[in-house]
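Nothing in this text is a laboratory measurement; each read-out follows from the coordinates by a stated rule. As the structure is a prediction and not an experimental result, all values here were calculated from the model. A quick note on method: Cβ atoms are made from the backbone with ideal geometry, for glycine too, and the neighbour counts reach across all protein chains shown.
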Amino acid sequence: MNKLIIIGAGGHGKVITDIAIKNRYTDIVFVDDRARGFCMGFPIVGTVSDLKIYDNGKTDFIIGIGNNSIRKMIAEQYHVNWVTLIHPSAQIASGVQIGVGTVIMAGVIVNPCTSIGKHCILNTGAIIEHDNVIDDFVHISPNAVLGGTVRVGEGTHIGIGVTVKNNIEICKNCIIGAGAVVVKNIANEGIYVGVPAGKLKK
């Protein structure tokens, strides 16, 4: 199959378009609930609710939306042929498992025996060391570094430039703010910032 539908014509969708082109997709269209016209030179043909119209068994689909909860909602609502896209410059070691719908961007390094869930984002220049477990719908932002044997729970967002030391567990649905350094397990949902990372009080 060479046709790809990208859900979301914002900034994240644009980056995915570039990766798709590098993966030799030539027939690319977008659906988006707000945008109209064209994105990256490719047409926006409808809204997200139109997805079923295009699910003809001959089309690939990817979600180009950075928000974890929206990505999860769409993935669970539509059972189409989700694909995985990996930038050619990413370095993926042997023994790495990658779930459907995941996007791995330029310069990412994933070291051996790591498991990456469904519909994740490993953003530009992120480093994921050996024996990590990244659950579904996680977003690892640019230049974040995860040491060995780290687990990141479903729906968690690791911000730009975050560092997570070896042997750390981060629970689901957390936000780790940009530049934070995680040196202890995080067992409670919330927003964590600073060096070392601490929970942001309401």
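List of remarks:
- Size of charge dipole - the stretch 85-191 - debye, nearest 20, with Cβ of Lys, Arg +1 and Asp, Glu -1, no other charges: 120 debye
- Residues listed by number, the stretch 128-156, amide nitrogen under 11 Å from CYS113 label point at 7 Å toward C-beta: 130-132, 149
- Ordering of 137-143, 180-186, 2-8 by packing [mean C-beta count within 10 Å, highest first]: 137-143, 2-8, 180-186
- Built from the Cα atoms of the stretch 125-182, the convex hull projects on average onto 3.0 nm², one quarter of its surface area.
- Potential lengthening of the chain between PHE38 and LYS184 amounts to 48.0 nm, from the contour at 0.36 nm per residue minus the alpha-carbon distance.
- Virtual spin-label span in nm between ARG24 and LYS165, 7 Å along Cα→Cβ: 4.6 nm
- Dipole moment magnitude, nearest 20 debye, the chain about Cα centre, only Lys, Arg, Asp, Glu C-beta charged: 360 debye
- Set of aspartates and glutamates near LYS52 by C-alpha distance (under 19 Å), chain-local residues within fewer than 8 positions excluded: ASP27, ASP32, ASP33, ASP60, GLU76
- For the chain, convex hull of alpha carbons as volume per residue, Å³: 109 Å³
- Extension gain, VAL193 to LYS14: 0.36 nm times the residue separation minus the Cα-Cα distance gives 61.6 nm.
- The phi torsions of the stretch 16-23, fed into the Karplus equation with coefficients 6.51, -1.76 and 1.60 and a -60° offset, translate into couplings of 5, 4, 4, 5, 4, 4, 5, 9 Hz, rounded to whole numbers, with Gly and Pro shown as x.
- DSSP bridge pairs, the chain: antiparallel proportion in percent, nearest 5: 10 percent
- Positive-end ranking of ILE121, ILE191, VAL138 along the dipole of the stretch 85-191, with charges on Cβ about the Cα centre, is headed by ILE191.
- Extending 7 Å from the Cα toward the beta-carbon at both VAL45 and HIS79 defines two label points whose distance is 2.3 nm.
- Of interest is the spacing of the C-alpha centroids, which for the stretch 53-79 and the stretch 1-36 amounts to 12 Å.
- Computed [θ] at 222 nm, deg cm²/dmol, the chain (DSSP H ≥ 4; -39,500 (n - 2.57); rounded to nearest 500): -3500 deg cm²/dmol
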